[in-house]
Amino acid sequence: MITLDKDPPHVEELKRLLPGPQAYRAYISKWLVNVNDACIDCGICAEVCPFGVHERKEGHLHLSAPKSQRCIGEACETEDFYCVKHCPVDAITIEKNPLAEVLGNPRWTNELIMATWVMSETGKAPERGLEYRIGRAGGGFDLLDFEFPPSKRRFDPDSLTGIDTSLPLNRRGKGAKIEIPIPWYGGGMSFGSVSLQIMLARAIAATAWNTFTSTGEGGYPEELVPYKDHVITQVATGMFGVREETVQRARLVEIKYAQGAKPGLGGHLLGDKNTPVVAKMRETVAGTSLFSPFPFHSVYSVEDHRKHVDWIRAMNPTALVSVKVSTPTDVDMVAVGCYYAGVNIVHLDGGYGGTGAAPDISKKNIAMPIEYAVPKVHKFLEKEGIRDEVLLMASGGIRTAWDAAKAIALGADGVILGTAELIAVGCVLCGNCESGRGCPWGITTTDPELSQLIPPEWGAQRISNMYRAWQLQLREVLARLNLDSVRDLRGRTDLLVRIPDPSSVSGKVAKW
Amino acid sequence: MTFKRYHIPIAPAPSRRPWTRVNVHRDLSRCLNCGTCIDSCLYGVHDRRDADTRFMEEPEDHLCRVCFRCVAECPVNALSLEPNVEFTEAGNGLFKPEVLRTIANEAEGGRIPVTGACYRGPFGGQGFDGMWTDMSEIVRPTRDGIHGREYISTSVDVGARPTFLDFRRGGPWTPPRELPVPFVLDVANPGAPPAGILASVVKAAKALDTYAIVPARSWPAVGADLQGHVIVRLSEGETTGFEKTAGVEATYRHGGADLVGLRRSLPHSIVSLRVPVTAYDRDAVDMALEAGVDLIHYTADWKDVDSIDGVNTYIATLRDLHGYLVDRAVRDTITVLASGPIAAAEHVPKTIILGADLVGVDLALYGVMECVPPNHALHLGRFPEDFPLSDVPWGTQRVVNLMNAWRDQLLEILGAMGMREVRRLRGDMGRAIFQDEAEREAFADIKVLAPAKEVVAR
Ligand code: SF4
Ligand code: SF4
């Protein structure tokens, strides 16, 4: 049982944006600012730098070590405030950080990762120097952009509060009316694949923002019950820890057929991570590898699927039902089937996301990316005349607020986040989540010692800050497109343009 | 007859020169020798010196998993990670550094590579990268996902499945041979392999119950007990003396090669026609059909598939070959073996979807033997210092492990599609999503910006 050090931050308090500093003393930054021994502690640099790289703490004789993570690097060379120019003894040098070169990959570039960290710390997009909107994967979202009408207005994100980013989750005539103030919620990450601390952090953040997070398929830890109004109970093929009361306490129940990172394969928890606590939650034997079967062995047709939905409704008549599917070629048919089975939310999970262990071969090669699936389903549902009765949520590779906006413009109503939230709490995408004791940063681990590295309140603050930064960016996009509400962006492919591939990614791509 | 489940005997065969992705650099002028990094690293990269525990030992870079934790926790910023140029510069267009590392890992333990966190590579691309395989969401009752995969068959047939009796072989019909895996090991391209590699590959072919294709020059070195697992690639003019082999392979030349004679002289062996992508034309197919050979071995030299254009041509040609056979309504009378650009497990199902019955593994075998970069060694006709390989059991095990890992990954793909046998995947292009088609459909109504524009609009 985890006890929080203090009461979970109050909603308003979290939104008030407390800084969520990085947990460790050293940052991984794009630039490295060095001050050598020649420094005479004159403090000129601290005066000129507008970003706060150099600083003399109140009453200190020496300047603090430079905060390289705030430096905008090369872009500063032409500025008047360039500290290197001002230093009377030429003690400052700025170079590219070799560390940054080994961080990230074409999809999650080092700059996207670092920018997410900045957002989690400050609640704002990085000011300059980090590309925070687009990656370098050479396709999909990375080759889509918005075509903004020319405007002289400056968009101050803080003044755009009039722009509506809320999303109703129930489009049908009957059932509970739930509205979330931001068009995204957290995707399923099971207890076992992530630590309880992370689940708590996500649940606290979801509560603060009045949105949702999902239990994933590993059961519903008691610690989450205080946040139950914002926790989705996932019913997955393994049925781990699915019990009547867990279905009954949820406002939103998610039936998971497949997941993007391993479409058609079912979940997989390696034996090492199946600790006694996890095993108890999942009602299994500790130390064994746990496979969720694929698929549901009670579902062989759309009719069977309907029975599943009815079964959930029988237990919990007021709950909204979401169905999580991955993206085969007939995903449009699947979505229509889901609609007729009576679900409220169709959740498409594309292959490029995923946070747990997955065979590498399944990450890229099975089922289509979300960028193709969303327009396909959106158009098909429109043709069938049922588009406005279901909510279409997209996940699997939504990295930034800009990806989210593009997914919505392609036809989704909103998006579901996974990896981005983990990066907010310090994930470096090293991919060691499943080996031995699990994540060295204490994120995707069940190791009792490692998981202590993430205090839930801190994690919640980081996630909340990122949400805030995303909301600001989304509002800015909407404002620049002259839209008042995110609901008006849906399916507006006319606002998108395809940009030519800026950097060919064939050739040598180090994918760490 | 007793039923024996096909099983590949995997065992650890550790790499001798493990890939080092990054250099872990400790700035000795800053290091306090405090030992914080020893606790930070879960993988044992950092340690104190045995001889003098006051000081830190050089980091063991090859164990580093690039998690950055030691870097972040070092109290004086003394640690840094830098890309290891030897790694990032290794390989070629087909065998990129990560591909080589994956091969090495697979050869080491025979397991499916599994990692956490999301997909890290490029969005799509050309060649095989522009293809996704399908999956099925709700499946038929026969399907049992990961638990049922032992019931998925990876067997393929080599030889005709004739629709009527065929007496051209001058005797009773020889039924097609069944291979339990859709892999053939090909060391006949482009030169004769060194003895150690030859022995390892042929032994592995036996262990896997498949065939190795070896050049005629190497044939005398193959032991009597292994001859039944060898297909000999003939040089010009050779035709006799290969009765004990599983089969022979002639190389296609326009208007050349007496295939009919070869077929006659070896009625019960596999006869294969090797057709390099550069020499392919439909005449080659006609010639193979005419002579009634068992196999068309469609292949490419590494130089021809080193560029993405090369792979595109390869794929287009393979589709043509398969399509032509289908059009002539003779697809089941001949087996298509495709080799050349097969560098990773995902290429196996994709090549089969494009129309091959089975794939040939060639340069990847040199990757298994840590011959790096594989193409250079072959191109220059020489191998690194420690070759020819002397530890044949090690080499054999590495090949066996790789093939097990690839088979298991094939099972994953088949499982996801709800398919029960790989035979049915052949040429099933409806099971693939091609990037250009998918993109055309999905982004049809989105304006394309002229390339002139600056990278990304602010
Ligand atoms: S192991 Fe690496 S990739 Fe996985 S959650 Fe931790 S930091 Fe992220
Ligand atoms: S980066 Fe991670 S794996 Fe590499 S040496 Fe440091 S702590 Fe160990």
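Side notes on the structure shown:
- Considering helices alone, the calculated mean residue ellipticity of chain A at 222 nm is -8000 deg cm²/dmol, with DSSP H runs of length four and up weighted by -39500 (n - 2.57) and normalised per residue.
- Under the simplified labelling scheme, the B:Ser29-A:Ser151 pair shows an inter-label distance of 5.1 nm, with each label point 7 Å from Cα along Cα→Cβ.
- Exceeding the 21 Å Cα-Cα cut-off - candidates A:Lys324/A:Lys379; B:Lys350/B:Lys447; A:Lys379/A:Lys406; A:Lys256/A:Lys307; B:Lys203/B:Lys244: B:Lys350/B:Lys447
- Relative frequency of Cα-Cα separations exceeding 11 Å in segment A:444-492, percent: 73
- Residue-normalised convex hull volume from the C-alpha trace of segment A:31-96: 75 Å³ per residue.
- Modelled this way, with points 7 Å down the Cα-to-C-beta line, the labels at B:Ala207 and B:His268 are 3.0 nm from one another.
- Estimated at 0.36 nm per residue, the fully extended path between B:Lys447 and B:Val260 surpasses their Cα-Cα distance by 61.7 nm.
- Rounded to the nearest 0.05, the FRET efficiency derived from the C-beta distance between A:Asp330 and B:Tyr6 at R0 = 35 Å is 0.65.
- Simple point charges give the picture: +1 on the Cβ of Lys and Arg, -1 on the Cβ of Asp and Glu, and for the protein assembly as shown a dipole about the Cα centre of about 1540 debye.
- The orientation-averaged shadow of the Cα convex hull for segment A:174-275, equal to a quarter of the hull surface, comes to 7.1 nm².
- You can think of it this way: the chain between B:Ser390 and B:Thr278 has 36.8 nm of extra reach, that is 0.36 nm per residue less the Cα-Cα gap.
- Cα centre as origin, Lys/Arg/Asp/Glu Cβ charges: chain B dipole, Debye: 800
- Listed residues A:Val343, A:Val428, A:Pro440: farthest to the positive end of the dipole of chain A (Cβ charges): A:Val343
- Normalised size of the protein assembly as shown, defined as Cα radius of gyration per 2.2 N^0.38 Å with N residues, equals 0.99.
- Projected onto its three principal axes, the C-alpha set of chain B covers 83, 61, 48 Å, listed from the longest axis down.
- The simple spin-label model puts a point 7 Å past each Cα toward its Cβ; for A:Asp164 and B:Arg48 those points are separated by 6.6 nm.
- Counted by neighbouring Cβ atoms within 10 Å, the residues B:Ile231, B:Ile38 run from fewest to most as B:Ile38, B:Ile231.
- Cα-based Rg and Dmax for chain A, where Dmax is the largest Cα-Cα distance (Å): 23.2, 78
- Among residues other than A:Val48 with Cβ under 11 Å from its Cβ, the summed charge is -2 (Lys and Arg +1, Asp and Glu -1).
- Taking the Cα centre of segment A:31-96 as origin and assigning +1 to Lys and Arg Cβ atoms and -1 to Asp and Glu Cβ atoms, the resulting dipole is close to 220 debye.
- Coil-residue GluC sites (Glu not before Pro) of segment A:396-490, DSSP, other Cβ within 10 Å capped at 10: A:Glu449
- Residue separation of A:Asp80 and A:Arg498 scaled by 0.36 nm, minus their Cα-Cα distance, works out to 146.8 nm of gained length.
- The residues neighbouring A:Asp447, those whose beta-carbon lies less than 13 Å from its own, together hold a net charge of -1 under the Lys/Arg +1, Asp/Glu -1 convention.
- Among residues other than B:Asp47 with Cβ under 15 Å from its Cβ, the summed charge is -3 (Lys and Arg +1, Asp and Glu -1).
- The Cα-based radius of gyration and maximum Cα-Cα distance (Dmax) for segment A:381-512 are 18.5, 53 Å.
- On the beta carbon distance between A:Arg487 and B:Arg440, with R0 = 30 Å, the FRET formula returns roughly 0.60.
- Antiparallel DSSP beta bridges within chain B, as percent of all bridges there, nearest 5: 30
- Global geometry of segment A:322-393, whether rounded, prolate or oblate, following the gyration tensor of its Cα atoms and the 1.5 cut on a/c: prolate
- For A:Glu449 and B:Arg161, a Förster radius of 45 Å and the Cβ-Cβ distance give a FRET efficiency of 0.15, rounded to the nearest 0.05.
- Along each principal axis, Cα extent of segment B:22-84, largest first, Å: 28, 22, 19
- Ellipsoid equivalent to segment A:274-368 - semi-axes via the Cα gyration tensor, in Å: 26, 21, 12
Each reported figure results from applying straightforward, stated rules to the coordinates on display, with no laboratory input. Small disclaimer: the values here were computed from a predicted structure and weren't measured. Glycine also receives a Cβ, built like all others from the backbone with ideal geometry; neighbour counts cover every protein chain displayed.
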